[in-house]
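Structure record follows, encoded as structure tokens.
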Amino acid sequence: METTRADLFEHIWSEPMGVVAARYGLTGNGLAKICDRLDIPRPPRSHWTRSATTRDPRPALPPAPIGLSETFALGRRQTRQSPGSRTRMSAEDRRRNLIETASRIALSEGLSAVTIRRVARMAGISETQAHNCFGGRTELLVAIARREISLQETRRRRRTAKGTNHQTRVMLSTIGYLHEAAQRGPLLQMLLRMPEVRDSLKAERTALSDAARAPILQQLVGRGSMDAQSARASTAALAAVCLKAGGIVAGKRAPFPMVEEICLGVVMAGVVSDEALAQMPPPNPPAR
């Protein structure tokens, strides 16, 4: 008997599993296994024994696992095809697919829901295949964080390249970072709150930060009276302002326009002040 995932989902949330299973000539346990294989959320065992007001709310139906269609025939096993059906995924494509699948789970259900078993099932592969790509959960989470950081850095470079002077480049970089923090920041914020992820990426993040600040430091120190220590302290302070503002918009703790205005005002005032100091002539050496 042909049906769809949406129809089966509707049935099992409208009537007890045993009733629905009997209609298809199956046992309740058999139908439950089919639902799990097709990633169809099903009511908990106590659902129908509770009053309507205390039952769990109906969740959303997620997309079908990769390789399985929305339409299927109950009563015979559905053949799972390799993702893409024409060619087998390369190891790198498989890693990217698992990272993307895990990211969706994290954003919708939180990091606690991200396990190798769950991600593999959602991606339509075995847990063993997933372990061939990532040794464990922490390695997968670090890979997600590394991807998010890499995307932010790539976009930062593209934005700053459009600036015609130092102030414009800083402004473009700050505005772009805040917008990315609002759109993609929640995932990275969650990941960096995990000590094991944060510690794994500490050296890489420090290297990226140093590389981004190097041209600014060179420009400030090379112009005149600002020493290297003062230049590093100033740029670190302004970077901290941006990071704090990014955390606020990522967590939706304040209206975005207000945070953007305050952050941009503080950063640009700091940039103007630094440039003014850098352009001052060095102090005359004391007379002997």
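The values are calculated or read from the model by the stated rules, or taken from the named source; none is laboratory data. This is a predicted model, so every value here is computed, not measured. In this analysis, Cβ positions are derived from the backbone assuming ideal geometry, glycine residues included, and neighbour counts consider all displayed protein chains. To get the accessible areas, we keep the full protein, side chains included, count just its heavy atoms, and leave off ligands, DNA and RNA. Shrake-Rupley method; radii C 1.70, N 1.55, O 1.52, S 1.80 Å.
So here's what we get for this one:
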quantity: Residues satisfying the stated conditions in the stretch 266-288, i.e. among the β-branched types (Val, Ile, Thr) and modelled with pLDDT of 90 or more; calculated: Val266, Val267
quantity: Filter result (closer than 30 Å to Arg193 by Cβ and either among the polar types (S, T, N, Q) or touching a residue at least 24 places away in the same chain (Cβ under 8 Å) (or both)) within the stretch 210-245; calculated: Ala212, Arg213, Ile216, Ser234, Thr235, Ala237, Leu238, Ala239, Val241, Cys242, Ala245
quantity: Residue identified as open to solvent by 70 Å² or more (accessible area, probe 1.4 Å) and either part of a helix (DSSP H, G or I) or farther than 21 Å from Arg104 by Cα (or both) among Leu187, Leu243, Leu217, Leu201; calculated: Leu243
quantity: Residues located in the stretch 177-200, provided they are over 17 Å from the mean Cα position of the chain (by Cα) and under 19 Å from Arg157 (Cα atoms); calculated: none
quantity: Verdict on Ala130 being modelled with pLDDT of 90 or more and either part of a helix (DSSP H, G or I) or crowded, with 17+ Cβ neighbours inside 10 Å (or both); calculated: yes
quantity: Residue within the stretch 247-265 that is open to solvent by less than 70 Å² (accessible area, probe 1.4 Å), among the hydrophobic types (A, V, I, L, M, F, W, C), in a helix (DSSP H, G or I) and modelled with pLDDT under 85 present; calculated: yes
quantity: In the stretch 56-96, residue surrounded by the fewest Cβ atoms within 10 Å (Cβ to Cβ) [restricted to those that are modelled with pLDDT of 85 or more and within 26 Å of Pro43 (Cβ to Cβ)]; calculated: Pro57
quantity: Inter-residue pairs, beta-carbon under 8 Å, first over 11 Å from Leu141 (Cα atoms) and in the stretch 94-109, second among the small types (Gly, Ala, Ser) and surrounded by 15 or more Cβ atoms within 10 Å (Cβ to Cβ), 6+ apart; calculated: Arg95/Ala143; Asn97/Ala123; Thr101/Ala123
quantity: Leading residue by the ranking (surrounded by the most Cβ atoms within 10 Å (Cβ to Cβ)) among those in the stretch 39-55 that are in contact with a helix residue (DSSP H, G or I) (Cβ under 6 Å, 6 or more places away or on another chain) and either modelled with pLDDT under 85 or basic (Lys, Arg) (or both); calculated: Arg42
